[in-house]
Amino acid sequence: MTESFRWTNCYADVVSSKYGPMTHAFLLDVVEPALVALDSQISGLEKSGEPGAPFMQADTEELLRATTMAFCLSIQSLWERQIRAYLQGCAKELRSGGALARRAVHGRWEDIDSVFNELRGISLTEFEEYPQLDLLHLLGNACRHGDGPSVRMLWKTHPELWPCRQVMHLPFSVDATPLTPRLPSIDGVVIPRDLLRSFVRAIASFWAETEYIYLESIERKHAALEAKLIETRRERADRGQK
């Protein structure tokens, strides 16, 4: 994205300033404590001498995996609601609502980029956070719907999410007929804790980027704002050189 990019500011830009901190708070105050509590239970069962402890540990480990997937879906849902609400607000202000606002709220996810581009003059794909947000959408979809197109795409692009993956069939049957590959199931997906954190960082970074565009798009800037932007531009330039 070029530093000179500007758009027409909306009140939705002001509202969206809370989205990044809100998502970060969800991670710190809800997600992390719940997962740490399950970690503690598993650790305690590992050290337990009770006869049934290994079975309880296996059940708790499966609960941890399922809970992590549920939180991934929750983070994805937060992000989707945020971007749709943002676009609805922009559409109402810039186009007096209508079809574009309805597409923002009720349209297919695949249409969101075109709505964003039409309203803001830039594609979501031009934001550096887009690849991570795109993965979040795909993984969230897989967590929501289970085995299906999203899981197949996920397996093609991120097979590392199946840490126990192995050859699930022989290349040929007993009569030398090639066998049809059997794709792994969503049940084998393990979402690393750091991946959840990276999704939250991507969401927060995206909204920080839109806030930067909003501030740069203010035509008459107060001296304090201009001073802040000078420092922000310097930090951005430093990041770009790394």
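The values are calculated or read from the model by the stated rules, or taken from the named source; none is laboratory data. Because the structure is a prediction, the values reported are computed rather than measured. Cβ sites come from the backbone with ideal geometry, for glycine too, and all protein chains shown count toward neighbours.
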Hits in the stretch 43-59 (condition: within 22 Å of Asp187 (Cβ to Cβ) and surrounded by fewer than 17 Cβ atoms within 10 Å (Cβ to Cβ)): Pro54, Phe55, Met56, Ala58, Asp59
Can you find a residue in the stretch 232-239 that is assigned to a helix (DSSP H, G or I), within 18 Å of Glu129 (Cβ to Cβ) and modelled with pLDDT of 95 or more? no
Scope the stretch 85-106; condition surrounded by fewer than 17 Cβ atoms within 10 Å (Cβ to Cβ) and not hydrophobic (A, V, I, L, M, F, W, C); matching residues: Arg95, Ser96, Gly97, Gly98, Arg102, His106
I need the full set of residues from the stretch 71-100 which are of a type in the set (Ser, Thr, Tyr) and either in contact (Cβ under 8 Å) with a residue 12 or more places away in the chain or within 19 Å of Gly140 (Cα to Cα) (or both), in order please. Ser74, Ser77, Tyr86
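Pick out the one residue from Asp134, Asp59, Asp113 that is touching a Leu at 6+ places or on another chain (Cβ under 8 Å) and among the acidic types (Asp, Glu).
On the way: Asp134 fails: touching a Leu at 6+ places or on another chain (Cβ under 8 Å); Asp59 fails: touching a Leu at 6+ places or on another chain (Cβ under 8 Å).
From the options Asp134, Asp59, Asp113, the qualifying one is Asp113.
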Would you confirm whether any residue within the stretch 202-219 is over 22 Å from Tyr11 (Cβ atoms), in contact with a helix residue (DSSP H, G or I) (Cβ under 9 Å, 6 or more places away or on another chain), in a helix (DSSP H, G or I) and not polar (S, T, N, Q)? yes
One residue from Ile213, Ile186 being under 30 Å from Gly148 (Cβ atoms), within 28 Å of the chain's Cα centre (by Cα) and modelled with pLDDT of 85 or more: Ile186
Considering the stretch 1-28 alone, what residues qualify as being loosely packed, with under 12 Cβ neighbours inside 10 Å and over 19 Å from Ser205 (Cα atoms)? Tyr11
Out of everything in the stretch 108-152 that is exposed (fewer than 15 other Cβ atoms within 10 Å of the Cβ) and among the small types (Gly, Ala, Ser), what residue ends up being farthest from the chain's Cα centre (by Cα)? Gly121
Of the criteria (1) more than 29 Å from Leu119 (Cα to Cα); (2) surrounded by 12 or more Cβ atoms within 10 Å (Cβ to Cβ), which one Ser40 fails: (2)
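Go through the stretch 37-67 and give me each residue that's more than 21 Å from the chain's Cα centre (by Cα) and either in contact (Cβ under 8 Å) with a residue 12 or more places away in the chain or under 18 Å from Leu195 (Cβ atoms) (or both).
Matches in the stretch 37-67: Leu38, Asp39, Gln41, Ile42, Leu45, Gln57, Thr60, Glu61, Leu63.
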What are the residue pairs meeting all of these: first residue in the stretch 1-29, first residue assigned to a loop (DSSP other than H, G, I, E, B) and at pLDDT 95 or above, second residue loosely packed, with under 12 Cβ neighbours inside 10 Å and of a type in the set (Lys, Arg), Cβ atoms under 8 Å, and 6 or more apart or on different chains? none
So, Gln57, is that one in contact with an Asp or Glu (Cβ under 9 Å, 6 or more places away or on another chain), within 27 Å of Pro163 (Cα to Cα) and part of a helix (DSSP H, G or I) or not? yes
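Does Glu32 satisfy being surrounded by 15 or more Cβ atoms within 10 Å (Cβ to Cβ), among the acidic types (Asp, Glu) and farther than 30 Å from Ser217 by Cβ? Full working, then the answer.
Working: surrounded by 15 or more Cβ atoms within 10 Å (Cβ to Cβ): yes; among the acidic types (Asp, Glu): yes; farther than 30 Å from Ser217 by Cβ: yes.
When the stated conditions are applied, Glu32 passes them.
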